[in-house]
Structure formats: C-alpha cells, structure tokens
Amino acid sequence: MGFLEWMMATPVSEWIQTSDYGFYIVLAGHAVGMAVVTGVMFMVSLRVLGFSRSNPIRVFERLFQIAWAGFALNFVTGAALFGANAEHLIGNRAFQIKIAMLAVGGIAVYLTWRAVSADPAVIDGDGKANAKTKAFAILTLICWITAIVAGRIIGYTISY
C-alpha cells in the first residue's frame, strides 16, 4: 500500500469520507484557521505598507501567537482533508498552486517580520518601512490571496 492509499485509509480519512457531516466539520475548522492566519498576516502587511501608522507594529507581536494557533488548526484540518482525498488532490493544479503559495507565503511572512524587527523605527511606529520590507509585505498579500483563491477553485476542478 502506497503512502496516499494509507492516508486515505486512516480512521480520520474514512470518517471524513463516510460521515454525513465529517467533511463539513473539518472544512469549517479549516476556514476558521484560514481566517485567523490571513487576518493577522493582512493586518501586519497592511501596517508595513503604511496603513494605520499610529499603531506600532510591536502591537502585532502578541497576535502572532493567535496566528500560530490558526496555522496549527489549518495544518491539522488541511492534512485531514488531504488525507481523505489524497489520490485526487495530488495531481490537481489548483491544489499544487495553493501549496506552493502557502510555502512562499510562509517565507514571505518570515522575511517581512525579520526586516521589520531589524528596524526599531518601524516596529515602534515612528518610521516607514523601506522598499524591501514593503516588497515582502506585498508578496505576503499576493501569496495568501492566491492560496485562498486556489483553495476555493479546488472544489470545482477536482476530478474523481
């Protein structure tokens, strides 16, 4: 039995596949996690781009704990959703784009936060982010938006 077949045969995957509500419960959890992660990332990116300059970026440090909780929820629910349909999702172009954007988006978030943290004038709210930091913030926004759109397209393009 290959890895994808094994994933599809786990008890959680079988519950998602056969339960009247399993898929929808896990999908709802995935949507909540996505809202938390993208909400925090959008706030940070927009602040780096100059919106709401009166709020120091330092305020967002505490929100990153919430974003990590949302990421954990997304990881668990995403793995469960993938496991229930692994053989069909692995070759789906929208799924591949979503995963690629999540990877690049995660790197962009790291680079944005690292650049902001290195500039006390920005993190304390007194200064503007430099062009490189703004570029990372724009990349973060593009990646998360693309991942969300690609995720929505999966349901319309998956072939069984």
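The values are calculated or read from the model by the stated rules, or taken from the named source; none is laboratory data. Bear in mind the structure is a predicted one, so any value in this text is a computation, not a measurement. Counting neighbours? That spans all protein chains shown, and the Cβs are built from the backbone with ideal geometry, glycine included.
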Q.
If I ask for residues that are under 22 Å from T146 (Cβ atoms), assigned to a helix (DSSP H, G or I) and in contact (Cβ under 8 Å) with a residue 40 or more places away in the chain, which ones from segment 47-58 would you list?
A. V48
Q: May I ask you to say which residue of A94, A72 is touching a residue at least 12 places away in the same chain (Cβ under 8 Å) and more than 15 Å from A150 (Cα to Cα)?
A: A72
Q: Could you tell me whether W113 is out of contact with any helix residue (DSSP H, G or I) (no Cβ under 6 Å at 6 or more places or on another chain), in a helix (DSSP H, G or I) and buried (at least 17 other Cβ atoms within 10 Å of the Cβ)?
A: yes
Q: Name every residue in segment 57-110 that is among the β-branched types (V, I, T), at pLDDT below 95 and crowded, with 19+ Cβ neighbours inside 10 Å, in order of residue number.
A: I57, V109
Q. Do we find that T140 is surrounded by 14 or more Cβ atoms within 10 Å (Cβ to Cβ) and either on the phi < 0 side of the Ramachandran plot or charged (D, E, K, R) (or both) in this structure?
A. yes
Q: Restricting attention to segment 1-18, report how many residues are part of a helix (DSSP H, G or I), over 24 Å from the mean Cα position of the chain (by Cα) and β-branched (V, I, T).
A: 1
Q) If Y21 satisfies every condition in (1) of a type in the set (S, T, Y); (2) surrounded by 14 or more Cβ atoms within 10 Å (Cβ to Cβ); (3) over 19 Å from the mean Cα position of the chain (by Cα) but one, which is the exception? A) (2)
**Q.** Cβ-Cβ under 7 Å pairs, at least 6 apart or on other chains, segment 1-17 side closer than 13 Å to L89 by Cβ, far side of a type outside the set (A, V, I, L, M)
**A.** L4/E87; M7/S13; M7/G83; M8/G83; M8/E87; S13/G83; I16/G22; I16/F23
Q: Starting from residues that are hydrophobic (A, V, I, L, M, F, W, C) and over 15 Å from W68 (Cα atoms), keep the ones in segment 44-56 and report whichever is surrounded by the fewest Cβ atoms within 10 Å (Cβ to Cβ).
A: F51
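Out of the residues in segment 19-30 meeting the condition of being small (G, A, S) and assigned to a helix (DSSP H, G or I), tell me which one is modelled with the lowest pLDDT.
Just the residues of segment 19-30 that are small (G, A, S), to begin with: 19, 22, 28-29.
Narrowing further to those that are assigned to a helix (DSSP H, G or I): 22, 28-29.
On the way: G22: 93, A28: 97, G29: 97.
Ranking the candidates gives G22 first.
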Q: Report, by residue number, each residue of segment 143-160 that is exposed (fewer than 15 other Cβ atoms within 10 Å of the Cβ) and of a type in the set (S, T, Y).
A: Y156, T157, S159, Y160
Q: Return only the number of the condition from (1) assigned to a helix (DSSP H, G or I); (2) in contact (Cβ under 8 Å) with a residue 40 or more places away in the chain; (3) closer than 20 Å to A135 by Cβ that M34 does not satisfy.
A: (3)
